[in-house]
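K.L.:
Mind looking over this structure? Questions follow.
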Amino acid sequence: MVDKAELLRVPVFADLPDDQIAWFIGQSQEMNLKAGEVYSRQGDPADAMFVILEGQLQGRGELSGETFTFTLEAGNVTGVLPFSRMKQFTVSQRAQTDARALRFPASLFPDLIQKMPELTKRLVGLMSDRIREVTRLEQQQDRLASLGKLSAGLAHELNNPASAAKRATSQLRDVLKKIKSASLELGRRDLTSAQKAEIEKLEALFTQKDVVPPDALTISDLEDQIDSLLRSHGQNDLWQLAADLARRNIKPEVLESLFASLDADTARAALVRIAASVEVASLLHEIESSTSRISDLVGAIKEYTYMDQGAIQNVDVVKSLETTLTILNHKLKQGVSVKRDYQRVPLLVNSFGSELNQVWTNIIDNAIDAMRGKGELRVRTYRDDGCVVVEIGDNGPGISPEVEPHIFEPFFTTKGVGEGTGLGLDTVKRIVRKHRGNIQVDSKPGDTRFQVWLPLAEGLP
């Protein structure tokens, strides 16, 4: 039998009048639960509120397709609450240890509201806390899902240059063996200082950096001319050298001085070494390019997350947009062209770390999805009085008039089950408001534009 003192120890019942406590106990059913016993199942009618008096209970359910569990100690209230719209239990609950609880039927909520107004007020507050916690979990899962997508894309973006650098390094090892062999062959020959100087001069010319390659037609013509010259001197298997020199815009007559000053065998040994040197230069360029791309991506990640930087600071809006575009390049490069129109003045806003990047990511990601990965993304910035305006548009099918009024509502989504939680644009709106800004959308077929207005950082002219 439950006594009044026991129920008064439950926080929401503390200090309530004895007659109200007595009435509540009189309308409730005492439950003695054994460890492992289930007392409510997901999907069952939500017909009761439970007050835990002793022991420990465990709940289990699903949120956005993910399973979650939680533990309830003595003094907690669970189940359906007054004014709740819950029709079915959203989680299953069982006793984790031997436990005691009171079961209050939902059918008596109208009487409860009338007889125990203070308890009703406290239970409504409890329900508000529960809603906030569920919303927080939804938002956290939405952020984790977005992070997972970004991580997968970045892993792919990093893997490409990393693989290219690894491949070039492996090839470099073999080419260095060719250089060593060719150098030994030249060392066996009695070369004059002038001949050595001629070989070194051509090697330096052919391996110089920052060579602008000609157009494809010119490369093809040069390759044929160089190959014909080499063959005319008995060098029939140096086609790769012909191709490499053509890409470096080397004219065939440059090689004539080599054949004029060396016999055929010595010229071949020199050409083998020169060819290997050209290949080394090409591989080093590929390694440098690949590692630079990796470095740029890592730098973009640090910029995107504001790693090693203060929580609140003045943020360059254009730089923030460019960082986000770099992070999303794995989706953009599939068929989306980016048209930029940035006002050439400082556009700084006082921002909370990486939160603005979340705004750009959500809007741009939605635009890419709306265009089904193919179309034109337009990014524009300008100043309007004391505000920075960021306009992000696309030439997708547009937002229907029925959907547009609801796009900023929490949990509203037009995507299929498991593809979106409906928190993306709700998060965008909350972040923009947190920055004392505003967001609006204007959409018609072929032209959807999101405009974000943010106050300029103090001190800017």
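K.L.:
Straight distance only, please: which lysines reach the Cα of residue 178 with their own Cα at less than 19 Å, same-chain residues fewer than 8 apart left out?
P.N.:
Within the straight-line limit of under 19 Å, residue 178 reaches these lysines: 196.
K.L.:
Would you compute, from DSSP H runs of 4+ residues alone, the mean residue ellipticity of the chain at 222 nm, taking -39500 (n - 2.57) per run and dividing by the full residue count, rounded to the nearest 500?
P.N.:
-16500 deg cm²/dmol, from helical runs alone.
K.L.:
How many percent of the accessible area of the chain is carbon or sulfur, using a 1.4 Å probe?
P.N.:
Solvent-exposed carbon and sulfur of the chain make up 51 percent of the total.
K.L.:
Stick to Cα atoms and the Kirkwood definition of Rh, then tell me Rg/Rh for the chain. Mind showing how you got there, number by number?
P.N.:
Numbers: Rg = 35.7 Å, Rh = 28.9 Å.
Checking Rg against Rh, the ratio lands at 1.23.
K.L.:
What shape does the stretch 45-137 take by its C-alpha gyration tensor, where a ≥ b ≥ c are the square roots of the eigenvalues and a/c under 1.5 counts as rounded, a/b above b/c as prolate, and the rest as oblate?
P.N.:
The shape class here is oblate.
K.L.:
For the stretch 196-254, what class follows from the C-alpha gyration tensor (a ≥ b ≥ c being the square roots of its eigenvalues): rounded when a/c is under 1.5, otherwise prolate if a/b is larger than b/c, else oblate?
P.N.:
Oblate shape, in that a/c is at least 1.5 and b/c is the bigger or equal ratio.
K.L.:
Lysines within cross-link reach of residue 121: Cα-Cα under 30 Å, excluding same-chain residues under 8 positions apart?
P.N.:
4, 87, 434
K.L.:
Say the cut-off is 19 Å between C-alpha atoms; which of 319/339; 331/374; 333/374; 166/201; 201/251; 319/429 go over it? Each step should come with its number before you reach the end.
P.N.:
On the way: 319/339 15 Å; 331/374 10 Å; 333/374 9 Å; 166/201 31 Å; 201/251 15 Å; 319/429 21 Å.
As for pairs spanning more than 19 Å Cα to Cα, those are 166/201; 319/429.
K.L.:
Just how much of residue 254 is accessible, in Å², when a 1.4 Å probe is used and the result is rounded to the nearest 10?
P.N.:
40 Å²
K.L.:
Can you work out the FRET efficiency for the pair residue 430 and residue 92, with r the C-beta to C-beta distance and R0 = 35 Å, to the nearest 0.05?
P.N.:
Result of the calculation: an efficiency of 0.65.
K.L.:
Accessible area, 1.4 Å probe, largest first: how do 130, 372 sort?
P.N.:
Result of the area sort, largest leading: 372, 130.
K.L.:
Let me have the relative contact order for the chain, percent, based on Cα pairs under 8 Å that are six or more residues apart.
P.N.:
It comes to 11 percent, rounded to a whole number.
K.L.:
Something else now. Please list 41, 383 in order of solvent-accessible area, largest first, computed with a 1.4 Å probe with all protein chains present.
P.N.:
My answer, sorted largest first, is 41, 383.
K.L.:
Could I ask something else about it? Could you give the length gained on full extension between residue 114 and residue 42, defined as 0.36 nm per residue of separation minus the Cα-Cα distance, in nm?
P.N.:
Full-extension gain reported as 23.0 nm.
K.L.:
Now for a separate question. Among 22, 328, 154, flag the residue with its Cα farthest along the positive direction of the charge dipole of the chain, charges on Cβ as +1 for Lys/Arg and -1 for Asp/Glu.
P.N.:
Going by the charge dipole, the pick is 22.
K.L.:
For residue 177, list the aspartates and glutamates whose Cα falls under 15 Å from its own Cα; do not include residues on the same chain fewer than 8 positions away.
P.N.:
Filter leaves 185, 279.
K.L.:
Apply the a/c threshold of 1.5 to the C-alpha gyration tensor of the stretch 30-98 and tell me whether it is rounded, prolate or oblate.
P.N.:
Here the stretch 30-98 falls in the oblate category.
K.L.:
Probe 1.4 Å, all protein chains in place: accessible area of residue 239 in Å², nearest 10?
P.N.:
150 Å²
K.L.:
Taking 0.36 nm per residue of separation and subtracting the Cα-Cα distance, what length does fully extending residue 253 through residue 172 add?
P.N.:
Result: 26.3 nm gained on full extension.
K.L.:
Pull up the DSSP beta bridges for the chain and report the antiparallel fraction as a percent, rounded to 5.
P.N.:
90 percent
K.L.:
Using only the Cα atoms of the stretch 247-392, construct the convex hull and provide its projected area averaged over every direction, in square nanometres to one decimal.
P.N.:
Values: hull surface 54.4 nm².
For the Cα atoms of the stretch 247-392, the hull's average projected area reads 13.6 nm².
K.L.:
So what's the gap between the Cα centers of the stretch 338-411 and the stretch 226-265, to the nearest angstrom?
P.N.:
Comparing the Cα centres of the stretch 338-411 and the stretch 226-265, I get a distance of 55 Å.
K.L.:
Continuing with this model, one more query. Give the average over all directions of the projected area of the C-alpha convex hull of the stretch 83-127, one decimal, in nm².
P.N.:
Details: hull surface 16.6 nm².
Average of the hull's projected areas for the stretch 83-127 equals 4.2 nm².
K.L.:
Still on this structure: Mind grabbing the accessible area of residue 134 for me, 1.4 Å probe, Å², rounded to tens?
P.N.:
Around 60 Å² of this residue is reachable by solvent.
K.L.:
Ordering 391, 376 from largest to smallest accessible area (1.4 angstrom probe), what's the sequence?
P.N.:
The most accessible residue leads, giving 376, 391.
The values are calculated or read from the model by the stated rules, or taken from the named source; none is laboratory data. Just so you know, these numbers come straight off a predicted model, no measurement behind them. FYI the Cβ positions are ideal-geometry reconstructions off the backbone, even for glycines, and counts take in every protein chain you see. Side chains are part of the model used for accessible areas, which takes the heavy atoms of the whole protein and leaves out ligands, DNA and RNA. Shrake-Rupley method; radii C 1.70, N 1.55, O 1.52, S 1.80 Å.
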